[in-house]
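The values are calculated or read from the model by the stated rules, or taken from the named source; none is laboratory data. None of the values given here were measured: they were computed from a predicted structure. Here the Cβ positions follow ideal geometry from the backbone for every residue, glycine too, while neighbour counts run over all protein chains shown.
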Amino acid sequence: MINVFGHKSPDTDATCSALIWAWYLNEHTTQDATAYVLGELNSETRFVLNHWEVSAPELLPILDAGAQVVIVDTNNSQELPENIADTEVIQIIDHHKLVGGLETVGPVNITMRPLACTATVMYDLMGAHAENLPREIAGLMLSCILSDTLEFRSPTTTPHDKDIAEKLAMSLDIDMTKYAAAMFAAKSDVSEFSDKGLITMDSKKYDVGDKNFRVSVLETTTPQTILDRKEGIVDAITQCIAEENDVDEVLLFVVDILNEEATVFTYNDLTKQVVGASFGVTVESDTEVLPGVVSRKKQILPALKL
């Protein structure tokens, strides 16, 4: 059995791409596969699965040495199970830059392409099989593209991503704008998440100079509901840093989808320093608005410096 999974803090692309590729392996190869997740699903992803009537993947169990795995939507060892090097990684499908640090026991089939989401890469890999997808699989693919591109607002969007999304929407007879709005409304409802949960909901660890940052992003159409919780979130960040041995600081970006800007929490000297150096701004308060910044992959992580 092949275990298919994405990164920790699973978002819509990581979760649904695991489901999509497990379906493909089961239906169009001789291999048996099961999709898993590495953490709690966010509200947008739960909405997507419910809309397309797809069961949520179970949490990945502890992997035995030699277990066969397919990794989707990441190639970063920090975002994977601690014993990933002991497993047999047979395939990686991703759309992020090559990070390094992931060691495998043998050669690996790797597909990494400069597209906005992993599901677009998978669509291409499926070839003719992509022309006759079951409705729920096509729906999951479309959801991945709309989520990772913020309905084509993100600078990560390519013409190919948009073309595939339009083709999928046409086959599904769905209004993309209305569906994306419903997805983003679900994403914006974070009332059931604790302050700590907001920090880890969509988060990646990233080295900046000699510091290791947890870079968290909350995409929302109602940013004020998160900003109103600032005091509790900052307390939770302090707790998070104390509990995690490999995290020196947390950078939290609240991305306003509709206004296409990010508000970053700058609550101490280090966060003020890195935000000022990275984005060329003079930070004078405990938050800083960054117009036009919506993408962690293309606009935030590449800019970070001390």
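Select from the range 242-274 the residues that are under 22 Å from PHE193 (Cα atoms), in contact (Cβ under 8 Å) with a residue 24 or more places away in the chain and not in a loop (DSSP other than H, G, I, E, B) and list them in ascending order.
GLU249, VAL250, LEU251, LEU252, PHE253, VAL254, VAL255, ASP256, ALA262, THR263, VAL264, PHE265
From the list THR221, THR200, THR158, THR225, which residue is over 20 Å from ALA262 (Cα atoms) and out of contact with any His (no Cβ under 8 Å at 6 or more places or on another chain)?
Just a single option satisfies the conditions, and that option is THR158.
Just checking, does the range 155-168 include any residue being surrounded by fewer than 24 Cβ atoms within 10 Å (Cβ to Cβ), touching a Lys or Arg at 6+ places or on another chain (Cβ under 9 Å) and under 20 Å from VAL255 (Cβ atoms)?
Checked against the condition, which is being surrounded by fewer than 24 Cβ atoms within 10 Å (Cβ to Cβ), touching a Lys or Arg at 6+ places or on another chain (Cβ under 9 Å) and under 20 Å from VAL255 (Cβ atoms), the range 155-168 yields at least one hit.
For the range 146-167, name all the residues that are closer than 14 Å to ASP124 by Cβ and under 17 Å from the mean Cα position of the chain (by Cα).
ASP161 - this is the single residue of the range 146-167 that is closer than 14 Å to ASP124 by Cβ and under 17 Å from the mean Cα position of the chain (by Cα).
Rundown of residues vs (1) in a helix (DSSP H, G or I); (2) more than 19 Å from the chain's Cα centre (by Cα); (3) closer than 30 Å to TYR179 by Cβ, yes/no style:
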position: TYR24; (1), (2), (3): yes, yes, yes
position: THR45; (1), (2), (3): yes, no, yes
position: LEU98; (1), (2), (3): no, no, no
position: GLY101; (1), (2), (3): no, yes, no
position: VAL105; (1), (2), (3): no, yes, no
position: ALA116; (1), (2), (3): no, no, yes
position: MET122; (1), (2), (3): yes, no, yes
position: GLY127; (1), (2), (3): yes, yes, yes
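Name, by its number, the condition in (1) modelled with pLDDT of 95 or more; (2) closer than 21 Å to GLU79 by Cα that does not hold for GLY232.
Among (1) modelled with pLDDT of 95 or more; (2) closer than 21 Å to GLU79 by Cα, the lone unmet condition for GLY232 is (2).
Out of all the residues in the range 2-25, is one or more surrounded by fewer than 18 Cβ atoms within 10 Å (Cβ to Cβ), of a type outside the set (Asp, Glu) and either touching a strand residue (DSSP E or B) at 6+ places or on another chain (Cβ under 6 Å) or touching a residue at least 60 places away in the same chain (Cβ under 8 Å) (or both)? Break it down stepwise before answering.
Keep residues of the range 2-25 that are surrounded by fewer than 18 Cβ atoms within 10 Å (Cβ to Cβ), which gives none.
Scanning the range 2-25 turns up no residue that is surrounded by fewer than 18 Cβ atoms within 10 Å (Cβ to Cβ), of a type outside the set (Asp, Glu) and either touching a strand residue (DSSP E or B) at 6+ places or on another chain (Cβ under 6 Å) or touching a residue at least 60 places away in the same chain (Cβ under 8 Å) (or both).
Can you tell me which residue among GLU88, GLU103, GLU58 is farther than 18 Å from MET141 by Cα, among the acidic types (Asp, Glu) and at pLDDT below 95? Don't jump to the end; show me each part of the working.
Numbers: GLU88 fails: at pLDDT below 95; GLU58 fails: at pLDDT below 95.
Selected residue: GLU103, the only one of GLU88, GLU103, GLU58 that is farther than 18 Å from MET141 by Cα, among the acidic types (Asp, Glu) and at pLDDT below 95.
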